[in-house]
Amino acid sequence: MSVTGLPPYDDTNIFARILRGEIPCKRVHEDAHALAFHDINPQTPVHVLVIPKGRYVSMADFAATATEAEIAGFWRAVGKVARDLGLEDGGYRVLTNMGVDGGQEVPHFHVHIFGGRRVGRMVPRAEG
Ligand code: 5GP
């Protein structure tokens with residue numbers, strides 16, 4: 001386990017393969033610090049993923065170990081992508097899943113941008 005509760009970075013994860021161009025994606029933005037592309041299984045009319053270029057397992061890993069330039073560059077990209085997608089007037093949600101309780105499936109830090117409809121308040125009630 002890493003200090004952030006997840007195994008160390010795995011270079012075979014699906015987003016690492018997208019970053020290397022081994023798997024195609026519907027790209028909406030790319031710069032020195034971030035890549036943004038449409039989610040393969042969209043939950044809202046607009047559902048875009050933004051990932052850092054660096055090898056960060058999770059939000060916790062990114063927050064603890066990324067450089068200030070990487071953190072600033074990444075979050076500026078998130079804002080730019082949402083703006084360029086035309087979501088600012090109607091609003092949108094940015095979400096990241098971290099670890100097991102957060103429901104994280106892909107072990108490369110990413111944020112989801114949901115928009116294009118009202119997405120409701122916060123999270124569903126507890127299951128079970
Ligand atoms: P997580 O649950 O880790 O926060 O979200 C992972 C997201 O990645 C899911 O919404 C899933 O639909 C998306 N995803 C998984 N595999 C692929 C893929 O190969 N391409 C794209 N564009 N999205 C993917």
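At-a-glance table
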quantity	calculated
Listed residues Val28, Gly116, Ile14: farthest to the positive end of the dipole of the chain (Cβ charges)	Gly116
17 Å tail of the calculated P(r), region 11-128, as % of Cα pairs	56 percent
Net charge dipole size for the chain [Lys, Arg +1 and Asp, Glu -1 on Cβ; Debye, nearest 20]	400 debye
Region 64-128: GluC sites (Glu not before Pro) in DSSP coil with no more than 10 other Cβ atoms inside 10 Å	Glu105, Glu127
Helical mean residue ellipticity (222 nm; -39500 (n - 2.57) per DSSP H run of 4+; nearest 500) of the chain	-7500 deg cm²/dmol
Sites Ala32 and Asp89, calculated FRET efficiency, Cβ-Cβ separation with R0 35 Å, nearest 0.05	0.80
Excluding exposed DSSP-loop trypsin sites (Lys or Arg not before Pro) (at most 13 other C-beta within 10 Å), longest clean stretch of the chain	27-116
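None of the figures in this text is laboratory data; all of them are computed from the coordinates on show. All figures in this text were calculated on a predicted structure; none of them were measured in a lab. Backbone-built Cβ (ideal geometry, glycine too); neighbour counts: all protein chains shown.
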